[in-house]
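Novice: This is the structure, below, for whatever I ask next.
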Amino acid sequence: MTAATPLQFGIDLGGTKTEIIVMSASGDTLLRQRNATPAHHYDAIVANIVSLVQQAQQQLPGDYTLGLGIPGAISPTTGLVKNANTTCLIGRDLQRDLEQALAQPLVIANDADCFALSEATDGAAAGKASVFAVIIGTGCGGGWVINGQLINGPNAIAGEWGHNPLLWRDDQDAQTDCYCGQRGCLETLLSGPGMRQQAYLETAIDQSSEQWFTQYQQQNPIAQQVFQRYHRRLAKALAGIINILDPHAIVLGGGVSNLDSIYQQVPQLWQEFVFSDSVSTPLLKAKHGDSSGVRGAAWLGAGAAHGYNTLS
Ligand SMILES: [Zn+2]
């Protein structure tokens, strides 16, 4: 007689919300709950995660695996959190603290990595041998999955394309300071706030990326020009990925992924920059939308229990 397959618990720790999901082995959602992240207090963040897991366990008792997506990464040299925009996490041993509190092993990954794993496992790129997935929202993150295996890398930064500079830069592409200390990072051009700033420099109109988006859908001619340039920058950025990795699919998530024109225009525009006579790379919209991060965390924990889905 074999033991029952453990339930798959996943948690997405965001800057404003913390979400838990419990999935069956086949990916069916059995429970989902979210609450506000106590973002400025480390001990409260840990207590909140412990409470979410314990409540879920009371409703669905039994063995479980646990994965956690965070807005940052675990430093392979120290084991502590780094690169987190929820800054009270930085320098903390989140893995040890949660494992001790829960008496349960868990796996932690960057939230964009969890997104990539979700879309590669049973999302838009299910069945593709290799998947590069990007989230463009307030930031510009990415993740890289080969044969269902999340690639982490010796520095835990695989997929962090947002802090590369724009390739094949035109004069109109501004080079502004990035919080990371560099200038002209993709994040300063492609993220929501970056797009707003760039559009302001081009048009002297200061409005949110959502407002630009609405005007674009209303065929406003200035917004159309803004998005023409945006499409071209995104095409250059993704062409750089294709030239290095040649992934079997690229998946887009975050607010920008709702822009339907991206999926027609960007693959036409990147032809000029990819070093190939033709480019057949599919550019796909995320299937699980906002749920991808938490689903990927659950897959991550379950896969790690079998020892197969991260590669440092
Ligand atoms: Zn940067």
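Novice: In the stretch 134-142, is there at least one residue being under 26 Å from residue 189 (Cα atoms), at pLDDT 90 or above, in the same structural domain as residue 183 (by TED's automatic domain parsing) and away from the ligand (no atom under 16 Å from the Cβ)?
Specialist: Within the stretch 134-142, not a single residue is under 26 Å from residue 189 (Cα atoms), at pLDDT 90 or above, in the same structural domain as residue 183 (by TED's automatic domain parsing) and away from the ligand (no atom under 16 Å from the Cβ).
Novice: Could you count how many residues in the stretch 177-227 are within 16 Å of the ligand (Cβ to nearest atom) and surrounded by 14 or more Cβ atoms within 10 Å (Cβ to Cβ)?
Specialist: Of the residues in the stretch 177-227, 16 are within 16 Å of the ligand (Cβ to nearest atom) and surrounded by 14 or more Cβ atoms within 10 Å (Cβ to Cβ).
Novice: Yes or no: residue 103 surrounded by 15 or more Cβ atoms within 10 Å (Cβ to Cβ) and out of contact with any helix residue (DSSP H, G or I) (no Cβ under 6 Å at 6 or more places or on another chain)?
Specialist: For residue 103, the condition - surrounded by 15 or more Cβ atoms within 10 Å (Cβ to Cβ) and out of contact with any helix residue (DSSP H, G or I) (no Cβ under 6 Å at 6 or more places or on another chain) - is not met.
Novice: Filter the strands (runs of 3 or more DSSP E) completely within the stretch 16-132 down to those with at least 2 residues that are among the hydroxyl-bearing types (Ser, Thr, Tyr) and at pLDDT 95 or above.
Specialist: 64-70
Novice: Would you pick out the residues in the stretch 153-176 that are touching a Phe, Trp or Tyr at 6+ places or on another chain (Cβ under 9 Å) and either in a loop (DSSP other than H, G, I, E, B) or away from the ligand (no atom under 12 Å from the Cβ) (or both)?
Specialist: 153, 158, 159, 167, 168
Novice: Among the residues of the stretch 41-82, which ones are in contact (Cβ under 8 Å) with a residue 60 or more places away in the chain and polar (S, T, N, Q)?
Specialist: Matches in the stretch 41-82: 65, 75.
The values are calculated or read from the model by the stated rules, or taken from the named source; none is laboratory data. Please read all numbers here as calculations on a predicted model, not as lab measurements. Every residue, glycine among them, receives a Cβ derived from its backbone with ideal geometry; neighbour counts consider all protein chains shown.
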